[in-house]
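Single-structure report; data block below.
The values are calculated or read from the model by the stated rules, or taken from the named source; none is laboratory data. No experiment lies behind these values; they were computed from the predicted model shown. A quick note on method: Cβ atoms are made from the backbone with ideal geometry, for glycine too, and the neighbour counts reach across all protein chains shown.
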Amino acid sequence: MQVHVICVSGKIFPSSFVNETWGNIQGLNMPYLLKDVQLGARLTLTIPAGTIIKFVYHPENTRKVLFIVYGTLDLQSTSGNPIVFTSERDDSYGGDTNNDGNTTSPASGDWGCIQLNSQPGVSNNFHDCIVRYGGNYYNGGVNYSYMLWIKSIDPSYNDAIVQNCSFSDSYGPAIYISDQAKPTIMNNSVIHSRISMNIQRDAIISGNTITGLDYSGTGITIASNESNQVVHPTINNNIIENFSYPFEQVDCAFPSYSGNTIINNKYHVGTATFIRTVS
């Protein structure tokens, strides 16, 4: 059955502050299909509950599609009616949008990342979303293998809150926190990713269920983004299972751990947990 989509591309940088919506066009429940899209700081974009957003697939990792946000996402999603971000090859949401029947299947790294950039006067609550099959982009000799990327150039900005979401099948870390960003990541599910989170600042990571893939990789990697910059993220009340190491500390990383349930990891024996430390 042929599936119609709404294709969106380009830099959406309005000259004044505006509120706009990616709505349910004519009640047809058409998915949105993104090519590279950037949202400017003056834009508040409302996305209704149940909206399906797909990313165009390119086999070359230098062409993976990015969704870069400087403005505000007003997500109307709920636990019973989430917003979905996935590959155009994922027929389980929105149907066969690439019109190839069963010829292709989605895979980790089908698209690049969602990047939330902290800005003055902008607050983002990324909540009740399903995010799948992203996390692969290569540019200028650097592999940006993150599915949700939170970054800030100023520690005084309000960083995003990420809560009640499901992340799966990321090529690299499902969630990456960089530069001066110090977000709160809480009550999410992360599965089928060899690294669930890579943290480079004093974030709060709380109440998440993090399940690895075949006892390989690391649950949460904590790294200072400069070798002389000490970071103290708070990591509490998470469930971490099925990795090689539940945690990895790199360079000047000194997290505060409490209340985490750490089970069934390769380097976890009885009540003893191995934390890999790298410098």
- Note on the structure: Listed by first then second residue, the pairs whose first member lies in the range 220-239 and is over 20 Å from GLY172 (Cβ atoms) and at pLDDT 95 or above, whose partner is of a type in the set (A, V, I, L, M, F, W, C) and in a loop (DSSP other than H, G, I, E, B), with beta carbons under 8 Å and at least 6 positions apart or on separate chains, are THR234/ALA203
- Failed item in (1) assigned to a strand (DSSP E or B); (2) touching a Gly at 6+ places or on another chain (Cβ under 6 Å), with VAL65 passing the rest: (1)
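A quick yes/no check of all residues on (1) in a strand (DSSP E or B); (2) among the aliphatic types (A, V, I, L, M):
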{"residue": "PRO14", "(1), (2)": "no, no"}
{"residue": "MET30", "(1), (2)": "no, yes"}
{"residue": "THR44", "(1), (2)": "yes, no"}
{"residue": "ASN61", "(1), (2)": "no, no"}
- Quick count over the range 170-193, residues being surrounded by fewer than 22 Cβ atoms within 10 Å (Cβ to Cβ) and either in contact with a Ser or Thr (Cβ under 6 Å, 6 or more places away or on another chain) or in contact (Cβ under 8 Å) with a residue 60 or more places away in the chain (or both), is 6
- Item | Subset of the range 83-105 (residues that are crowded, with 22+ Cβ neighbours inside 10 Å and not polar (S, T, N, Q)) | ILE83, PHE85, GLU88, ASP90
- Message: Show the residue pairs meeting these rules: Cβ distance below 9 Å; 6+ apart or different chains; first residue within the range 1-20 and over 12 Å from GLY71 (Cα atoms); second residue modelled with pLDDT under 90 and outside any loop (DSSP other than H, G, I, E, B).
- Response: ILE6/ILE25
- Item | Residues of the range 44-55 that turn out to be surrounded by fewer than 21 Cβ atoms within 10 Å (Cβ to Cβ) and of a type in the set (A, V, I, L, M, F, W, C), as a count | 3
- Pick from the range 1-29 the residues that are under 23 Å from the mean Cα position of the chain (by Cα) and small (Gly, Ala, Ser): which of them is modelled with the lowest pLDDT? GLY23
